[in-house]
Amino acid sequence: MTKVLMVCLGNICRSPMAEGILIHKINQRNLAIEVDSAGTGNYHVGEHPDSRAIATAKKFGIDISGLIARQFTSNDFSIFDWILVMDSSNAKNVLELASSDEDKSKVKMFLEFSDRKDKNVPDPWFGNNNGFVDVFKMLEVACEGFLKSETNFIK
């Protein structure tokens, strides 16, 4: 089974929304893919997603309220086939923990699976609800792009 890890800074906004969207799309297609999310920082370990992320996902029919934040560890390289990071800072932090070229090859900027020129998903945490909706829509497009580009990889 293919295993995908979404990674952002605190694991309470971008990566749990990406996890929820991808799981929703996987369930619609009845695919065998496992999805999780993590943060590069330990700021929110054990917490549920930000209330604005939960409300935004719910607005689009996705429930992420039960997700719990955790921190990315070097062990994640041995568990996941894909490590999809939300921005270049997340990529740098994740790659610092890689111990091989194989580990590094698993790390991709998530928006590489979209047509956006800027491959960084902005962190909506400091903004208002509109920022969460904008990020949700970016993530939704990238989830769709990921599934379309990797259909032959998915078993």
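The values are calculated or read from the model by the stated rules, or taken from the named source; none is laboratory data. None of these values were measured; they are calculated from a predicted model. As a convention, Cβ positions derive from the backbone with ideal geometry for all residues, glycine included, and neighbour counts pool all protein chains shown. Side chains are part of the model used for accessible areas, which takes the heavy atoms of the whole protein and leaves out ligands, DNA and RNA. Shrake-Rupley method; radii C 1.70, N 1.55, O 1.52, S 1.80 Å.
At a 1.4 Å probe radius, carbon and sulfur cover how many percent of the accessible area of the stretch 37-96?
52 percent
Counting pairs of alpha carbon atoms under 8 Å apart in space and at least six apart in sequence, what relative contact order in percent does the chain give?
28 percent
Could you pull out every residue, at least 5 positions away or on a different chain, whose amide H is within less than 5 Å of the one on GLU34? Hs are placed 1.01 Å off N in the peptide plane, and Pro or chain starts have none.
Residues meeting the criterion, in which the H sits 1.01 Å from N, are THR2, LYS3, VAL4.
In whole angstrom, note down how far apart the Cα centers of the stretch 84-115 and the stretch 1-55 are.
Cα centroid to Cα centroid, the span is 16 Å.
For ASN42 and LYS117 in the same chain, what is the full-extension length gain: residue separation times 0.36 nm, less their Cα-Cα distance, in nm?
Contour length minus Cα-Cα distance gives 24.0 nm.
What does the accessible area per residue of the chain come to in Å², with a 1.4 Å probe and no ligands, DNA or RNA counted?
Accessible area per residue: 49 Å².
Could you give me the ³J(HN,Hα) list for the stretch 122-128, computed from phi with Karplus coefficients 6.51, -1.76, 1.60 and θ = phi - 60°, whole Hz, x at Gly and Pro?
x, 7, x, 3, 7, x, 9
Just the number, please: carbon plus sulfur as a percent of the accessible area of the stretch 97-148, 1.4 Å probe, no ligands or DNA/RNA counted.
Carbon and sulfur together cover 49 percent of it.
Ignoring everything except DSSP H segments at least 4 long, calculate the 222 nm mean residue ellipticity for the chain; use -39,500 (n - 2.57) per segment, divide by total residues, nearest 500.
The helix contribution divided over the chain gives -12000 deg cm²/dmol.
Output the pairs from LYS25/LYS108; LYS59/LYS92; LYS58/LYS92; LYS3/LYS148 with a Cα-Cα distance over 27 Å in this structure; if there are none, say none.
Going by Cα-Cα distance, LYS59/LYS92; LYS58/LYS92 fall outside the 27 Å limit.
Please give the charge dipole size of the stretch 57-151, origin at the Cα centre, charges +1 on K and R Cβ atoms and -1 on D and E Cβ atoms. Round to the nearest 20 debye.
260 debye
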